[in-house]
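*Asks:* Below is a structure I'd like to ask you about.
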Amino acid sequence: MGVTSNSVKVDVKTASRVRQNIVYLLIRQLRPHQWTKNLLVFAALLFSLHKVSTFVIGKSLFAFLLFCFVSGCVYILNDFVDIKNDRNHPEKRFRPMASGTLPPALALAFGALLLAGSLFSAFYFDRLFGVVLAVYFVLNVAYSLKLKHVVILDVMIISAGFVLRAIGGSLMINTPFTPWFLLCTMLLALFLAISKRRHELLLLQADKGTHRKVLDSYSSELLNQLNTIVTTATIISYSLFTFTSGRTIHLMWTIPFVIFGIFRYLYLITITDKGGSPEKVLLQDKPILITVVLYAITVAGIIYTFEY
């Protein structure tokens, strides 16, 4: 009788550990370390300090979480589609599905439920925001299934995802977005996407076609030229934004932060061969992290002092 009781206790503990492990793997599958990309949702809030309130902050936070959940669903689908290729990648082979620790069927079922709940919540609170979130998901699904194999268009789709984040954040708090800001967002996202392709090309130059087919259509020279064009356009566009967006002209004092941040990232991708994961660079490189924090503080201080 004692043996049976002990066996039951052991089985209960084992089942509990299995459940905890599955929850952990599902959370990992959503790639929370990449949720920093969705911080762009708060950009509209940063430039609309006169609207700041607990309610508005709550709406922005809600929009941020919904983008995190929907992007997590995209990662689930993307990892499922790329499971074979990821197993040949030196870093991606450790992802839950690629490593074999998370059953693909369970991950897909979880993603479907999370997506349905997220889209329902988005449309319930704001229809336009729901449309943006749905378009974001459809665009990324198209990217995962087909468009990521189309040269040039692949990095432009990534850039479009960042623009949709910015638009979604603006819609959620009913703040108009300026074309200049969206252009700056698109160009900066293009810069990060091109830099990521460059890192992948260098990392897998021996067998670049076995992991990501589109890498066969790229070369280091082409990506370097594209980065030169995009970085120049980004700095010019942001400078024009500070002068012609209808905001205070004192926003021009934030231009040095943008220039330093871009130059620092260029240094990291060309000298130290980083850039494969922009979210890791943001969190691990202290100069860039400090620059982003100082930029946000400076923008908030300028808008509060000279506009309100």
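*Asks:* About the Cα centre of the chain, how large is the charge dipole given +1 on each Lys and Arg Cβ and -1 on each Asp and Glu Cβ? Please answer in debye to the nearest 20. List each step's numbers first, then the result.
*Replies:* Details: 29 positive and 15 negative charges, 130 e Å.
In debye, rounded to 20, the chain gives about 620.
*Asks:* Further question on the same structure: With the full set of protein chains in place, find how many percent of the accessible area of the stretch 34-109 is carbon and sulfur; take the probe as 1.4 Å.
*Replies:* Details: 2350 of 3370 Å².
In the stretch 34-109, the share of accessible area belonging to carbon and sulfur is 70 percent.
*Asks:* Roll a 1.4 angstrom probe over the protein heavy atoms and tell me the percent of accessible area of the stretch 121-273 that is carbon or sulfur.
*Replies:* Here carbon and sulfur together make up 70 percent of the probe-accessible area.
*Asks:* At 1.4 Å probe size, with every protein chain present, just tell me what the per residue accessible area of the chain comes to in Å².
*Replies:* Dividing the accessible area of the chain by its residue count gives 51 Å².
*Asks:* Now, a different point. Can you tell me the length gained on complete extension of the stretch residue 36 to residue 178, counting 0.36 nm per residue apart and subtracting the Cα distance?
*Replies:* Result for the pair: 48.9 nm of gain on full extension.
*Asks:* Using only helices, what value at 222 nm comes out for the chain when you add -39,500 (n - 2.57) per DSSP H run of length 4 or more and divide by the total residues, to the nearest 500 deg cm²/dmol?
*Replies:* For the chain, the value works out to -24500 deg cm²/dmol.
*Asks:* Only Cα pairs within less than 10 Å get springs; with that Gaussian network setup on the chain, which residue of 164, 201, 226 has the largest fluctuation?
*Replies:* Taking springs between Cα atoms under 10 Å, the residue moving most is 226.
*Asks:* Roughly how many Å² of residue 184 are accessible to a 1.4 Å probe, to the nearest 10?
*Replies:* 10
*Asks:* Scan around residue 126 for amide H atoms under 5 Å from its own, H built in the peptide plane at 1.01 Å from N, and keep only partners 5 or more places away or cross-chain.
*Replies:* Result for residue 126 returns nothing.
*Asks:* Can you flag which of 84/148; 51/196; 37/274; 213/280; 84/286 are past 27 Å Cα-Cα?
*Replies:* Correct reply: 51/196; 84/286.
*Asks:* Of 295, 136, which has the most accessible area and how do the rest follow, probe 1.4 Å?
*Replies:* Sorted descending by solvent-accessible area, the residues read 295, 136.
*Asks:* Suppose accessible area is computed on protein heavy atoms with a 1.4 Å probe; arrange 257, 191, 306 from highest to lowest.
*Replies:* 306, 257, 191
*Asks:* Also, quick follow-up: Given the options 97, 172, 252, which has the most mean-square fluctuation in a GNM of the chain, springs set between C-alpha atoms less than 10 angstrom apart?
*Replies:* Looking only at 97, 172, 252, the biggest GNM fluctuation is shown by 252.
*Asks:* Here is a follow-up. From Cα pairs below 8 angstrom and at least 6 apart in sequence, can you work out the relative contact order of the stretch 125-227, rounded to a whole percent?
*Replies:* Reported relative contact order: 27 percent.
*Asks:* Compactness ratio of the chain: Cα Rg over 2.2 N^0.38 Å, N = residue count?
*Replies:* Ratio of Rg to 2.2 N^0.38 Å for the chain: 1.11.
*Asks:* Here is a follow-up. Please report the accessible area of residue 216 (heavy atoms, 1.4 Å probe, ligands and nucleic acids excluded) in Å², nearest 10.
*Replies:* 90
*Asks:* A further question follows. As a test question: what accessible area, to the nearest 10 Å², does residue 213 have when a 1.4 Å probe is rolled over all protein chains in place?
*Replies:* Counting only protein heavy atoms, the figure is 130 Å².
*Asks:* Here's another thing I want to ask about it. Any idea what diffusion coefficient the stretch 22-134 gets from Stokes-Einstein, in µm²/s, Kirkwood Rh on alpha carbon pairs, 20 °C, 1.002 mPa s?
*Replies:* 140
*Asks:* Compare 76, 259 by solvent-accessible area with a 1.4 Å probe and give them largest first, with all protein chains kept in place.
*Replies:* 259, 76
*Asks:* A further question follows. Charges only on Cβ, +1 for Lys and Arg, -1 for Asp and Glu: so what's the dipole of the stretch 42-175 about the Cα centre, in debye to the nearest 20?
*Replies:* So the dipole magnitude of the stretch 42-175 works out to roughly 20 debye.
The values are calculated or read from the model by the stated rules, or taken from the named source; none is laboratory data. From a predicted model like this one, the values you see are computed outputs, not experimental measurements. Quick reminder, even Gly has a Cβ in these numbers, built from the backbone with ideal geometry, and neighbours come from all protein chains shown. When the accessible area is computed, the model is the full protein with side chains, heavy atoms only, and any ligands, DNA or RNA have been set aside. Shrake-Rupley method; radii C 1.70, N 1.55, O 1.52, S 1.80 Å.
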